[in-house]
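Comments concern the structure below.
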Amino acid sequence: MMENVYVAQLCSYFGECGGCQLQDVPYEEQVVRKADALEELFLPFWKAPIPVQPSPVVWHYRNKVDPTFGVKFYPEGPPEDGAREPVLGFKRKGRWYWCIDIHECLIGPEGLAALLRAVRRWMHDHDLPPFDSRKGEGLLKTLLVREGKRTKERMVALITREGRFDPGPFVQVVQDVFPAASIWHGVSHRTSDVAIADEMTLLAGAETLHEELHIPAGDGTRILRFQLSPFSFFQTNTLAAERLYGVIRERVQARAPRVLYDLYAGIGTIALACADVVEQVHGVEEVFAATEDAELNAEENGVSNATFYTEKTKNFLLGRLTEGGLAPNAAAVVDPPRAGMHPKALRRLVDLAPETILYVSCNPKLLAREMPSFLDAYTLEEVRGVDLFPHTRHVEVLACLYRK
């Protein structure tokens, strides 16, 4: 039975690694638990059952991971000389300044285990110290790994502190595993171990990675191709994201707005998914590199009715739209980061009164807290979840709000 298959594949690091919380629960039960959690959160506003659409894949579903270089955790204390063994893996559950030496990841990209072995060996052979965030010392910080689930393209970025090392051997060990990979070196001036670089250098391969979305569209499929830079935001579960975007596209088409505003547009995934069912799309994104990618993605997909603005959503709503307001018969898709909408942006969006607001959130608790701000002017017509994160407690939620 499926239940036994799922439980049998329990990761050897489960309970120690901070990445997964539900691997010991059969997947069908995970989906039920997530639906129950959403129903409890939204009970003040929504009395009906909330469906959660399962992920079409539950193992090796992630298209991006960022293993951390760190030092080994010693439960009984470090060796007498104080030296800690360098490791490459993920954060330890409950102890985020320690790493676990990971040799496999059942939700990470295919081929990750071989890459980790090769890079770990390179680190040891060249005696390169990992960054210790507690002391602010060391060189190696993060190994960013991306995979195009539809295209099978690969991207690997090594993030380090400032320091000298020969990148040639690193390129070789990556190419031994992924011969055609895009390979980058990034330098971070930050004292935290967040996987972000201030300077990026292409070491080998193409500058970008391509991924496709096969989005359900009526009786057919809308196939879109996207180019991704190392730090582009893209939903980490490609195949489940296709289902989410298919639902959004269907709801937009059913409401038939003339103009769609895609707020927090990123590289244009939602804007381009819906562009063929509206007259015009306006995408708003504060990261310039993402806006550049969105424009290139629109061109590559033959979309000519999308315009992208490099601007914070709050500034766009409070500034650019102050006099003219929204176009008549408009819809807005809101897909903010985990911190949610800025309160001023939320209030201004409600004041601008688009006919339809589709709010996508990876933080259902925050969305439930924000919901009363909409309900004087809007009716909540639908709440549904899409499981983009099997084996974790996280779930993506879509709230459909229609103006009264």
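The values are calculated or read from the model by the stated rules, or taken from the named source; none is laboratory data. None of these values were measured; they are calculated from a predicted model. Quick reminder, even Gly has a Cβ in these numbers, built from the backbone with ideal geometry, and neighbours come from all protein chains shown.
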request  = Would you check if there is a residue in the range 355-377 being under 24 Å from Arg403 (Cβ atoms), surrounded by fewer than 16 Cβ atoms within 10 Å (Cβ to Cβ) and among the β-branched types (Val, Ile, Thr)?
outcome  = no
ask   = Looking only at residues in the range 175-213 that are among the acidic types (Asp, Glu) and part of a strand (DSSP E or B), which one is farthest from the chain's Cα centre (by Cα)?
value = Glu199
ask   = From the list Val383, Val360, Val397, Val350, which residue is in contact with a Pro (Cβ under 6 Å, 6 or more places away or on another chain) and of a type in the set (Val, Ile, Thr)?
value = Val397
Residues of the range 26-41 satisfying the condition of being crowded, with 16+ Cβ neighbours inside 10 Å and within 17 Å of Val57 (Cβ to Cβ) = Pro26, Tyr27, Gln30, Val31, Lys34
inquiry  = Pairs needed: first member in the range 362-384, β-branched (Val, Ile, Thr); second member anywhere, in a helix (DSSP H, G or I) and surrounded by 19 or more Cβ atoms within 10 Å (Cβ to Cβ); C-beta distance under 9 Å; at least 6 residues apart or different chains.
reply    = Val383/Leu38
request  = Could you please let me know if Leu398 is in contact (Cβ under 8 Å) with a residue 24 or more places away in the chain, buried (at least 19 other Cβ atoms within 10 Å of the Cβ) and out of contact with any Asp or Glu (no Cβ under 8 Å at 6 or more places or on another chain)?
outcome  = no
request  = Might you let me know whether the range 3-13 holds any residue that is modelled with pLDDT under 95, closer than 30 Å to Ala399 by Cβ and of a type outside the set (Asp, Glu)?
outcome  = yes
message = Looking at the structure I just gave you, is Asp101 among the acidic types (Asp, Glu) and farther than 18 Å from Gly163 by Cα?
response = yes
query = Considering only the range 288-323, how many residues are without any contact (Cβ under 8 Å) to a residue 24 or more places away in the chain and not in a helix (DSSP H, G or I)?
reply = 4
key: Residue within the range 289-296 that is surrounded by 20 or more Cβ atoms within 10 Å (Cβ to Cβ) and not aliphatic (A, V, I, L, M) present   = yes
query = Do we find a residue being of a type in the set (Val, Ile, Thr), closer than 21 Å to Phe316 by Cα and assigned to a loop (DSSP other than H, G, I, E, B) anywhere in the range 248-267?
reply = yes
request  = Please name all residue pairs, on different chains or six or more residues apart, with Cβ atoms under 6 Å, provided the first residue is in the range 163-192 and is more than 16 Å from Leu128 (Cβ to Cβ) and free of Cβ contacts under 8 Å to residues at least 60 places away in the same chain and the second residue is in a loop (DSSP other than H, G, I, E, B) and of a type in the set (Asp, Glu).
outcome  = His189/Asp198
inquiry  = So in the range 48-75, with the set limited to residues that are modelled with pLDDT of 95 or more and more than 30 Å from Lys152 (Cα to Cα), which one is surrounded by the most Cβ atoms within 10 Å (Cβ to Cβ)?
reply    = Ile50
query = Among the residues of the range 99-122, which ones are over 21 Å from the mean Cα position of the chain (by Cα) and buried (at least 21 other Cβ atoms within 10 Å of the Cβ)?
reply = Cys99, Ile100, Ile102, Leu115, Leu116, Val119, Arg120
